[in-house]
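The values are calculated or read from the model by the stated rules, or taken from the named source; none is laboratory data. Quantities reported herein were computed from a predicted structural model and do not represent experimental measurements. Cβ placement follows ideal geometry from the backbone for every residue including glycine, while neighbour counts extend to all protein chains displayed. We work out accessible area using only protein heavy atoms, side chains counted, and drop any ligands, DNA or RNA first. Shrake-Rupley method; radii C 1.70, N 1.55, O 1.52, S 1.80 Å.
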Amino acid sequence: DLFDRVFWPNVDFIGGVADASPNCSYFLNMYKHTGSPILSWMLAGSHVTHVEMKEDHEVGELANEILSRLFPEQWTRQPWSIVKLKFKRWGADIFSRGAYSYDAVDAHPDQYDDLATADADARLFFCGEHTHKAAPGTTNGALLSGQRAA
């Protein structure tokens with residue numbers, strides 16, 4: 001979401017935990033990287049399915065509701081507005097179905113190297129966010145692994 005101004009602290013991640021909810025979400029502070037007042041809302045759990053069924057303007061309202069609870073003083077003093085919203089419904093994407101990789105509890109960092117190893121003839125290379133040790137589970141990891149394989 002692109003906002004009319006930055007109202008959040010200069011941190012990488014912004015989030016809160018609900019007392020009795022299996023759902024989890026947090027916001028990535030993209031301002032640190034782009035110079036534009038952008039937060040990227042990351043959703044997880046069954047909450048994703050519920051939110052993906054909403055219209056874009058409803059998603060924006062929900063994001064604002066959560067952010068106004070996280071930053072009540074800023075909201076009361078001067079409410080912010082979303083200038084532009086782009087919401088990707090990954091669960092409906094036929095290629096990903098909302099999936100991404102994550103580390104198992106007993107995972108070892110060398111497993112990323114194993115997944116990235118080319119075949120014996122070095123003609124088949126593997127890339128994707130699941131093969132990048134420094135940026136697993138991210139679009140950046142997918143991009144960097146593609147560049148490595150190329």
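When segment 55-101 is filtered for residues that are in contact with a helix residue (DSSP H, G or I) (Cβ under 9 Å, 6 or more places away or on another chain), under 25 Å from HIS130 (Cβ atoms) and among the aromatic types (Phe, Trp, Tyr), the ones remaining, listed by number, are PHE87, TRP90, TYR100.
Please find, within segment 68-93, the residue that is most open to solvent (accessible area, probe 1.4 Å) out of those that are among the aliphatic types (A, V, I, L, M) and within 21 Å of MET53 (Cβ to Cβ). Only one residue tops the list, namely ALA92. Of the residues making up segment 130-150, those that are assigned to a helix (DSSP H, G or I) and of a type outside the set (Gly, Ala, Ser) are HIS130, THR131, THR139, ASN140, LEU143, LEU144, GLN147, ARG148.
Of everything in segment 94-114, what is modelled with pLDDT of 75 or more, open to solvent by 60 Å² or more (accessible area, probe 1.4 Å) and in a loop (DSSP other than H, G, I, E, B)? Give them in sequence order.
Here is the first cut: in segment 94-114, the residues modelled with pLDDT of 75 or more are 94-95, 105-114.
Now drop any that are not open to solvent by 60 Å² or more (accessible area, probe 1.4 Å), which leaves 94-95, 105-106, 108-111, 113-114.
Within segment 94-114, ILE94, PHE95, VAL105, ASP106, HIS108, PRO109 qualify.
In summary, CYS127 fulfils each of the numbered conditions (1) surrounded by 11 or more Cβ atoms within 10 Å (Cβ to Cβ); (2) outside any loop (DSSP other than H, G, I, E, B) with the single exception of condition (2).
Quick one: is GLY91 assigned to a helix (DSSP H, G or I) and of a type in the set (Gly, Ala, Ser)? It is true that GLY91 is assigned to a helix (DSSP H, G or I) and of a type in the set (Gly, Ala, Ser).
Of THR139, THR49, THR117, all but one fail to be in contact with an Asp or Glu (Cβ under 8 Å, 6 or more places away or on another chain) and open to solvent by 70 Å² or more (accessible area, probe 1.4 Å); the exception is THR139. No other residue among LEU2, LEU62 is in contact (Cβ under 8 Å) with a residue 60 or more places away in the chain and within 25 Å of THR139 (Cβ to Cβ) apart from LEU2. Within segment 52-63, being in a helix (DSSP H, G or I) and surrounded by fewer than 18 Cβ atoms within 10 Å (Cβ to Cβ) holds for GLU52, ASP56, HIS57, GLU58, GLU61, LEU62. Checking the condition touching a Phe, Trp or Tyr at 6+ places or on another chain (Cβ under 7 Å), small (Gly, Ala, Ser) and under 24 Å from THR139 (Cα atoms), which residue from SER68, SER96, SER46 passes? From the options SER68, SER96, SER46, the qualifying one is SER96. Using the structure shown, decide if THR131 is modelled with pLDDT of 85 or more, over 17 Å from ALA150 (Cα atoms) and either under 19 Å from the mean Cα position of the chain (by Cα) or hydroxyl-bearing (Ser, Thr, Tyr) (or both). It is false that THR131 is modelled with pLDDT of 85 or more, over 17 Å from ALA150 (Cα atoms) and either under 19 Å from the mean Cα position of the chain (by Cα) or hydroxyl-bearing (Ser, Thr, Tyr) (or both).
For segment 1-34, residues that are at pLDDT 85 or above, part of a loop (DSSP other than H, G, I, E, B) and open to solvent by less than 50 Å² (accessible area, probe 1.4 Å) total 2. Residues in segment 69-88 that are in a loop (DSSP other than H, G, I, E, B) and within 19 Å of the chain's Cα centre (by Cα) were compared, and the one that is modelled with the highest pLDDT is LEU85.
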